[in-house]
Structures are given as C-alpha cells and as structure tokens.
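Q: I have a structure I would like to understand better, so I am pasting it below and will then ask my questions one at a time.
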Amino acid sequence: MTYLQRLIANALIFISLSVLFPNHIYVESLVMAIAASFVLSILNTLVKPILTLLSLPLNILTFGLFSFVISAGMLQLTSNLLGNYRFGFSSFTVSILVAIVMAIINAIVSEHNIDKYADR
C-alpha cells in the first residue's frame with residue numbers, strides 16, 4: 001500500500017466514521033479529513049516510535065493492546081493540532097475505538113493489496 005493510498009484510506013475512514021457517529025466524531029470537510037490524515041501520518045512517523053519505545057514494558061505487559069492507546073493519543077494530538085472545532089472526538093474512549101477501526105481497515109486494505117500483487 002503506497003503512502004497516497006494510505007492517506008486517502010485514512011481520510012475516507014474519518015469521513016465515514018463521522019457520518020456513522022455524528023455525535024462522537026466531527027470532521028469539518030473532506031479537505032480537513034485529508035489534512036488530518038496527513039498530520040496523523042507525520043505524527044505516526046515522528047512521535048509514535050518514541051512513545052512506543054518508552055511504553056514498551058507496558059505494551060509487553062498488556063500483550064500489545066497498549067498500542068491502541070498510543071494510536072488514540074496520536075489521534076487526539078492530531079485533533080488538538082488541527083483544532084477541535086474542525087476535527088475532533090467526543091472523548092478519549094471514542095479515539096481508542098477509532099484507532100481500533102483504523103487498524104482493522106488498514107490491515108484489510110493492506111492484505112488485499114498484498115494478495116493483488118502476489119498473483120503475478
């Protein structure tokens with residue numbers, strides 16, 4: 001899965017979840033969803049590895065489930081950087097659920113792309 005495909009997939013996830021759960025997730029527009037996806041990718045590249053390394057004992061203790069909390073923190077940080085009135089979540093629990101949904105959808109899309117190129 002290329003960077004652009006992942007960027008578009010995450011933007012579509014943000015838009016679709018904001019339509020499904022309008023009281024919990026707010027996305028101002030399609031442009032804001034793409035901007036949120038871009039900011040999230042930068043944060044995942046720069047900040048998330050440091051947090052993952054610092055929380056490694058806790059991550060091992062919870063069998064990797066703490067990584068969803070770190071991903072939710074990245075989503076909250078994205079929301080704070082872009083402004084909660086443009087892109088936001090109603091609570092941290094909603095951010096954790098969005099992180100889980102994003103991980104599942106990205107895994108499905110990545111697996112589909114691997115299967116597509118493995119048939120050659």
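The values are calculated or read from the model by the stated rules, or taken from the named source; none is laboratory data. Nothing here was measured: the structure is a model prediction, and the numbers come from that model. Methodologically, a virtual Cβ is constructed for each residue, glycine included, from the backbone with ideal geometry; neighbour enumeration extends over all protein chains shown. Please note that ligands, DNA and RNA were not included when accessible areas were found on the heavy atoms of the full protein model with its side chains. Shrake-Rupley method; radii C 1.70, N 1.55, O 1.52, S 1.80 Å.
Q: For a quick check, take a GNM of the chain with Cα springs below 10 Å and name the residue from 62, 52, 93 with the largest mean-square fluctuation.
A: 62
Q: Which of the peptides 20-29, 5-14, 41-50 is most tightly packed, and how do the rest follow, judged by the mean count of other Cβ atoms within 10 Å per residue?
A: Values: 20-29: 14.9, 5-14: 17.8, 41-50: 12.9.
Highest mean packing first, the order is 5-14, 20-29, 41-50.
Q: Placing unit charges on C-beta atoms (Lys and Arg positive, Asp and Glu negative, everything else neutral), compute the dipole magnitude of the chain about its Cα centre in debye, rounded to 20.
A: Values: 5 positive and 4 negative charges, 29 e Å.
That gives the chain a dipole magnitude of about 140 debye.
Q: Which one of 103, 36, 72 has the biggest mean-square fluctuation once the chain is modelled by GNM with Cα springs under 10 Å?
A: 103
Q: Okay, next question. First compute the accessible area of the chain with a 1.4 Å probe, then give the percent of it belonging to carbon and sulfur atoms.
A: 73
Q: Express in % the proportion of alpha carbon pairs of the chain at distances exceeding 17 Å.
A: 57
Q: May I pose another question? Quick one: accessible area per residue over segment 37-120, 1.4 Å probe, rounded to a whole number of Å²?
A: On a per-residue basis, 62 Å².
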